[in-house]
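Read the figures in this text as sums done on the coordinates, not as results from a lab. Note that the structure is a prediction, hence the values are computed from the model and not measured. Reconstructed Cβ throughout: ideal geometry from the backbone, glycine too, with neighbour counts over all protein chains shown.
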Amino acid sequence: MAGSTHVSAILPKEQGAEMRETLMLLVRAVKQDRLATFGIVVIVVLVLIAAFAPLLATHDPYVMTERVEGTALWVHGDRVEIEAGIAADTLYSVSADGPDSYFAAGAGGEVVRYDGTEWLPVETPATETLRAISTVEGRSITVGHNGTVLWLTGGEFEQVPAPTEVDLFGVSLTDTGAALAVGQNGTVLHLDPENGVEDWEPLQAPVQRDLFAVALLRADYGYIVGARGTLLRFDGEQLEEVDSPTFRDLHNIAIFDESAGYAVGERGTVLRYREGEWIEEQGALTRTLRAVAMVSADQVQVVGTHGDMMRRVDGTWEQVRTGYTRHFRDVTSDGETTVVVGTDPYINSLARPSQEHYFGTTHNGRDIYSQVIHGSRTALLVGFVAALMVTVIGTNVGLFAGYLRGRTDNVLMRIVDIMYALPLEPFAMVLVLLWRPGIHIIILAVGLLTWRTTARIIRSQVLSLADRPFVKAARVAGASPLRIIYKHIAPNVLPLAFLQLAVAMAFAITAEATLSFLGLGPPRLYSWGTILHQARLSGAWRTAWWWVIPPGVLIMLSVVSVFFVSRALEVIANPRLSRR
Amino acid sequence: MIRLIVNKLLQMLFTLWVILTVLFFLFRLGLPDPTVALVTDGLSPEDRALVTERFGLDRSLPMQYVVYLGNVATGEFGRSFHYNAPVTAIVAERVANTLVLMIPAFLISYIVGPLLGVLLAWKRGSRLEAGGITAGLVFRSAPMFWVGMLLIMLFGIRLGWFPTSGMRTFPYEAAHFFDKIFTLNFLHHLILPTIVISLYYTGLPMLIMRNAMLEVMGEDFIEFAEARGLSKARIMYRHAARNALLPVVTQAAITAGLAVGGQVVVEVVFSWPGLGLEMFNAVRTSDYPLAQAAFMLMAAIILVLNFAADVVYGRLDPRVSYSSEGAGG
């Protein structure tokens with residue numbers, strides 16, 4: 001210990017000066033080389049992106065983003081046409097106001113009117129969600145949450161004082177001016193045309209369940225449907241519960257005349273009214289049905305969630321393929337033209353790049369920009385850890401093989417040869433086959449296999465160093481091989497080792513992307529390769545260019561930047577090259 | 001020369017033995033119960049007994065190892081769970097499919113690459129050189145599977161110029177392998193994946209060749225050739241290039257090894273029914289015998305390619321010693 005004090009007192013100073021000089025050389029080399037400057041800038045930006053990923057990401061990369069939008073769907077025979085974005089939010093109800101004229105009401109008190117050419121917003125004083133609208137001969141009534149009731153008379157909507165505090169879900173108006181409104185917890189409100197538009201009279205309902213829809217044929221004939229199969233008959237004054245063939249929620253009802261009616265509900269439930277009795281009928285759909293409209297006793301249209309639609313023609317139900325997956329809320333039809341409105345939140349799948357999603361969305365509505373941003377962490381982290389492992393193993397093998405020579409060198413270089421015969425991707429596959437996909441498999445595969453190049457390069461450098469005077473001097477002074485290797489030779493191969501670290505990192509980033517692309521990476525962690533893996537699995541990659549291009553460009557940018565920088569550094573690390 | 005070849009051959013066999021041993025113990029480590037790796041569910045008791053006997057599963061670990069080596073030597077890899085057929089028959093065809101894609105792509109890279117490298121060295125300091133270097137590095141940085149996806153998207157789907165998957169358009173009839181590949185339809189399928197692989201691998205030999213050329217060009221015999229009044233092209237491509245070729249050959253041997261592994265992604269992207277795709281599917285279906293055999297064959301291909309490169313190297317340079325070039329992995 002005492003003997004080494006003298007030496008170590010001098011060495012750090014000398015090494016410090018040398019280090020500073022090397023650093024200056026580095027800076028100059030990078031500055032002179034435009035590509036290297038570009039590389040440094042890109043690397044710094046990528047590291048910053050990875051560091052601040054949660055701040056930079058606009059969405060949670062795992063969440064399926066949904067979109068809400070008012071949509072109208074026109075059906076003329078077999079022709080389906082969609083008009084998206086006619087309202088900012090969900091439209092819950094539509095009613096015809098004569099030929100080629102429609103009203104639709106929805107969330108946020110929004111009402112839109114179709115005037116024969118286009119949908120236009122109508123001013124309303126309401127802010128609550130409007131759940132139902134009913135129009136007869138130029139008069140409209142719409143009801144909604146928190147007892148909201150609006151009348152349209154003379155082209156303007158007017159809000160009347162809320163007759164109740166609960167949410168109203170359904171309303172029906174007759175040509176005589178009588179109306180029924182239904183809502184939460186068995187609420188039924190009756191309007192007698194002789195009492196004026198504000199004087200709603202609560203009716204005693206025989207059930208406490210939520211009531212979702214009402215259909216009046218005349219002032220003294222109508223039906224109400226609600227939760228758990230509730231069916232109520234209205235006779236002009238009183239409500240009476242009728243036998244229901246189902247326990248499922250009924251969402252909508254339509255009455256054509258005293259002998260024909262339909263109600264629809266959960267799980268494709270269809271009830272038909274015939275000869276004084278409600279009977280269950282086999283429809284053509286199995287998911288929730290939201291609304292029913294009748295053109296005649298046997299011409300019926302039904303819509304539901306996920307773009308479902310069916311119609312009854314000549315006594316049988318047939319599915320109408322709309323080609324959309326949006327949720328429909330209401331339907332009205334005059335036989336020739338059928339108008340459907342709706343769109344609950346739907347998954348915004350495979351959206352093209354936009355203000356909202358810079359790189360678009362995946363097939364299940366995940367934000368690709370946020371995935372790419374978060375993916376930079378995995379790529380750089382795995383790249384760095386694996387490269388560090390490669391450099392540590394490779395440098396040590398190179399040091400020992402190069403300095404000890406002889407049998408050690410032979411054995412170590414034989415191992416290197418064997419390493420060269422193991423293909424990386426298949427080796428990682430074997431590991432995944434035997435254990436489980438994960439980040440450690442990738443690091444392990446890259447780290448255990450690819451130190452071979454580093455080992456060879458360091459070894460050849462050490463071979464030339466081992467005969468230099470300062471090594472010989474150390475050996476004569478009686479220093480142990482370990483001491484000579486780590487104290488005297490290692491500092492001299494350090495620049496080369498750092499260069500190899502950079503090259504190994506470029507290789508490790510590519511390897512990580514490749515292995516993740518093959519599905520060998522961590523299943524719940526995004527990396528650039530994983531994103532491309534999922535794009536391939538979904539099958540959408542063949543057309544969704546916005547899903548494929550960004551992660552690949554980032555892989556390419558990060559790897560090429562490392563190449564650019566390492567080319568500039570090569571000159572310093574390996575002075576042999578400088579004369580080129 | 002003969003001694004060298006024999007020596008290299010022995011080294012190759014030794015390496016193969018080490019790899020087989022590593023694989024054996026890796027499988028035993030990952031699957032303590034070897035019957036899982038060899039016996040699929042729903043096998044009749046007689047078949048089970050047969051497999052147990054053939055692979056010596058009822059004997060001790062060292063004996064199992066001996067039986068395993070014997071089986072590999074005789075080409076007995078067991079039955080594929082997925083295909084319920086002997087693994088050997090399955091992989092034999094896949095190897096041919098892999099080679100028929102890999103060899104042309106590799107040849108293109110290592111013929112075009114060095115030629116371009118000579119050009120870059122010749123046009124030293126020009127825009128062409130700077131552009132060539134940048135392009136080479138960029139193409140080496142773009143992952144092959146990604147470039148494949150882009151090319152499929154553009155030329156396969158958008159423009160419809162090339163088929164996007166497989167080796168032949170289904171359905172087709174082919175009596176044997178050569179019947180299958182000597183068709184225009186096959187060439188049509190071959191173009192895109194070959195471009196993808198070549199783009200990736202051309203950069204490295206090009207850059208190495210350029211560096212080696214610059215080194216050679218400073219030597220006396222070049223000046224002498226110039227003094228003799230030989231044309232620049234002749235000096236470059238005949239005199240300098242020949243002497244600069246050694247590091248490229250070294251790199252070819254190393255890259256061949258990398259390419260066998262890298263081939264997997266290309267086969268997956270293009271649904272090319274080669275060894276890599278088969279291994280990929282075997283891993284997904286936990287088809288242990290098939291995955292094991294596919295891996296061994298890939299290692300064997302690398303060894304044979306390395307051996308070939310060694311022999312070529314020996315012919316080019318009688319001193320034969322590995323020099324080191326920064327291959328990255």
Mean Kyte-Doolittle hydropathy of 0.0 or higher plus an axial Cα length of 30 Å or more: which whole DSSP H helices in chain B meet both? B:2-30, B:87-122, B:184-217, B:246-269, B:288-316
One can check that the equivalent ellipsoid of region A:160-305, built from the alpha-carbon gyration tensor with semi-axes equal to the square roots of five times its eigenvalues, has lengths in Å, largest first, of 25, 16, 13
At each listed q (0.16, 0.19 Å⁻¹), what is the log10 of I(q)/I(0) that the Debye formula gives for region A:54-184 modelled as equal alpha-carbon point scatterers? -0.80, -1.04
Have a look at B:Leu61, B:Leu207, B:Leu69 and tell me which one the Gaussian network model of chain B (Cα, springs below 10 Å) gives the largest fluctuation. B:Leu61
For the protein assembly as shown, what is the charge dipole size about the Cα centre, in debye to the nearest 20, if Lys and Arg each add +1 at the Cβ and Asp and Glu each add -1 at the Cβ? 9200 debye
Give me the one-decimal Kirkwood hydrodynamic radius in Å for region A:136-206, with the sum taken over alpha-carbon pairs. 12.1 Å
What number, in percent, do you get for the relative contact order of chain B if the mean sequence gap of Cα pairs under 8 Å and at least 6 apart is divided by its residue count? 25 percent
Among B:Met153, B:Met102, B:Met209, the residue with the largest mean-square fluctuation in a Gaussian network model of chain B built from Cα contacts under 10 Å is B:Met153
A correct Stokes-Einstein calculation for region B:229-278, using the alpha-carbon Kirkwood radius, 25 °C and 0.890 mPa s, returns a whole-number D in µm² s⁻¹ of 182 µm²/s
Can you list, bin by bin at 10 Å, the percent of alpha carbon pairs in the protein assembly as shown, starting at 0? 2, 10, 16, 16, 14, 11, 10, 9, 7, 4, 1, 0, 0
Take the alpha carbon atoms of region A:66-347, find their radius of gyration, then divide it by 2.2 N^0.38 Å using N residues; give the quotient. 0.91
Take chain B, connect every pair of alpha-carbon atoms lying under 10 Å apart with a spring to form a Gaussian network, then pick out the residue of B:Gly136, B:Gly70, B:Gly257 with the largest mean-square fluctuation. B:Gly70
Estimated [θ] at 222 nm from DSSP helical runs (n ≥ 4, -39500 (n - 2.57)) normalised by residues in chain A, nearest 500: -12500 deg cm²/dmol
Normalised by the residues of region A:66-347, what does the relative contact order come to in percent, with Cα pairs under 8 Å and at least six apart? 14 percent
Using the alpha-carbon atoms, what tilt in degrees (0 to 90, nearest 10) does helix A:490-517 show relative to the longest principal axis of chain A? 30 degrees
Please give every one of the aspartates and glutamates within straight-line cross-link reach of A:Lys487, meaning a C-alpha to C-alpha distance under 16 Å, and leave out same-chain neighbours fewer than 8 residues apart. A:Glu14, A:Glu18, A:Asp467
Looking only at aspartates and glutamates whose Cα falls under 14 Å of B:Lys232's and that sit 8 or more positions away or on another chain, we get B:Glu223
For region A:213-268, Rg(Cα) over 2.2 N^0.38 Å is 1.05
Distance in Å, no decimals, from the C-alpha centre of region A:22-88 to the one of region A:338-399 is 9 Å
Which loop-located GluC sites (Glu not before Pro) does region A:308-408 contain, where loop means any DSSP state but H, G, I, E or B and the Cβ has at most 15 other Cβ atoms within 10 Å? A:Glu336, A:Glu356
Using only Cα atoms, what is the ratio of the radius of gyration of chain B to 2.2 N^0.38 Å? 1.18
How many nm is it between the label spots at B:Arg242 and B:Asp47, if each spot is 7 Å from the Cα in line with the beta carbon? 6.2 nm
On the formula 1/(1 + (r/R0)^6), with r taken between the Cβ atoms of A:Asp199 and A:Ser354 and R0 of 56 Å, the FRET efficiency rounded to 0.05 is 0.70
Distance in Å, no decimals, from the C-alpha centre of region B:248-300 to the one of region A:408-447 is 14 Å
If I take every Cα pair under 8 Å that is 6 or more residues apart in region A:137-286, average their sequence separation and divide by the length, what percent do I get for the relative contact order? 13 percent
At a 10 Å Cβ-Cβ cut-off, how would you order A:Leu525, B:Leu184, A:Leu216, fewest neighbours first? B:Leu184, A:Leu525, A:Leu216
Just the Cα atoms of region A:406-503, one point each, no solvent: what log10 I(q)/I(0) does Debye give at q = 0.13, 0.14, 0.15, 0.17 Å⁻¹? -0.61, -0.68, -0.74, -0.87
